[in-house]
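These notes concern the structure reproduced below.
What follows draws every value from the coordinates through simple rules; no lab data is involved. As the structure is a prediction and not an experimental result, all values here were calculated from the model. Every residue, glycine among them, receives a Cβ derived from its backbone with ideal geometry; neighbour counts consider all protein chains shown.
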Amino acid sequence: MKPNTIASAELFVATGCRHCPVILNELSEQLKKGELSSLTVTNIAVDNTKAASLNIRSVPWFSLENDTSYMIFSGDHSPKEIQKWLSISLKSEGMQEYIEDFLSNGQLMTIVQVLKSRPAIFAEIIKMLEDEDTSMNVRIGLDALIEQFSGNEMLQQHVTDFKKIASGHNVRLQIDALHYIALTADANNIEFLKEKATDKDEQIQEAAIEAIETLNDLLAD
């Protein structure tokens, strides 16, 4: 599989920030070595416009972005950590590795911020949901993540993916997907859920009935 392109970095710092120089120095070194394609630095004490639009509340804050990845980081990070994530960003499944790591370490809202900034990254969430080898702990994190977008257009845009999973052969994945379809809060999906409520598998029937109730509750709000 073709590797990803070299990432570009964007860094936000502030005058007097204790950890900012370490991040700036390391990203600058990686730029000089050709491990970064570009580096943009903004001092929010001088210009806070973009930082505000990105909902950046503390510095240092930086992002790594290439053709398939958009990773954001805040707070103190060692040079080794930065090098590690630069390496991961080059991997075809690097974004999934980042999502799994951050969800496992309680960084749910960071991933929410990633998806709000780059909605196309949600395709990586779909891949993780489809993968039967995705661990239960990660699935719990993904479930909490998707709940954050209840009624959001992002879920509506991926309803075809959810329906595909819900029509598969893995009962556990089907049940999860039926719940996500309900979270779209789109009345157009009720007929699909009603069909699943007559499925030969009782677990699917129950999940579909519960999903219909959830969808109706969201529509009533």
Give me VAL59, VAL112 ranked fewest to most by other Cβ atoms within 10 Å of their Cβ, as a rough exposure proxy. VAL112, VAL59
So for THR110, THR198, fewest C-beta neighbours within 10 Å to most, what's the order? THR198, THR110
A correct fewest-to-most ranking of ILE140, ILE72 by other Cβ atoms within 10 Å would be ILE140, ILE72
Using the Kirkwood formula over every pair of different C-alpha atoms, what hydrodynamic radius in Å results for segment 137-179? 10.8
Which order do the peptides 61-70, 183-192, 48-57, 204-213 take when ranked by the mean count of other beta-carbon atoms within 10 Å per residue, highest first? 61-70, 204-213, 183-192, 48-57
If r is the Cβ-Cβ distance from ALA144 to ALA220 and R0 is 22 Å, what FRET efficiency results, to the nearest 0.05? 0.40
Rounded to 0.05, the calculated FRET efficiency for the beta carbons of THR15 and SER37 at R₀ = 30 Å is 0.65
P(r) tail fraction, the chain - alpha-carbon pairs more than 28 Å apart, %: 38
Could you work out how far apart the two model spin labels at SER135 and ALA45 are, taking each label as a point 7 Å from the Cα in the direction of the beta carbon, and quote it in nm? 4.1
Which far-off residues, 5 or more places away or on another chain, put their amide H under 5 Å from the one on HIS19, with H placed in the peptide plane? none
Charge dipole of the chain about the Cα centre (unit charges at C-beta), most positive-ward option of LEU86, ASN188, GLY34: GLY34
Based on Cβ point charges of +1 for Lys and Arg and -1 for Asp and Glu, what charge dipole magnitude is obtained for the chain about its Cα centre, in debye rounded to the nearest 20? 980
Would you calculate the separation in nanometres between label points at GLU210 and LYS91, each defined as 7 Å from the Cα along the Cα-to-beta-carbon direction? 3.3
From the phi angles alone, apply the Karplus equation (6.51, -1.76, 1.60; θ = phi - 60°) to segment 185-195 and give each ³J(HN,Hα) in whole Hz, x where the residue is Gly or Pro. 6, 10, 4, 5, 9, 5, 4, 4, 5, 5, 4
Along each of its three principal axes, how wide is the spread of alpha-carbon positions in segment 1-92, in whole angstrom units, largest first? 42, 24, 19
When the helices in the chain are scored as -39500 (n - 2.57) per DSSP H run of 4 or longer and the sum is shared across all residues, what 222 nm value do you end up with, to the nearest 500 deg cm²/dmol? -16500 deg cm²/dmol
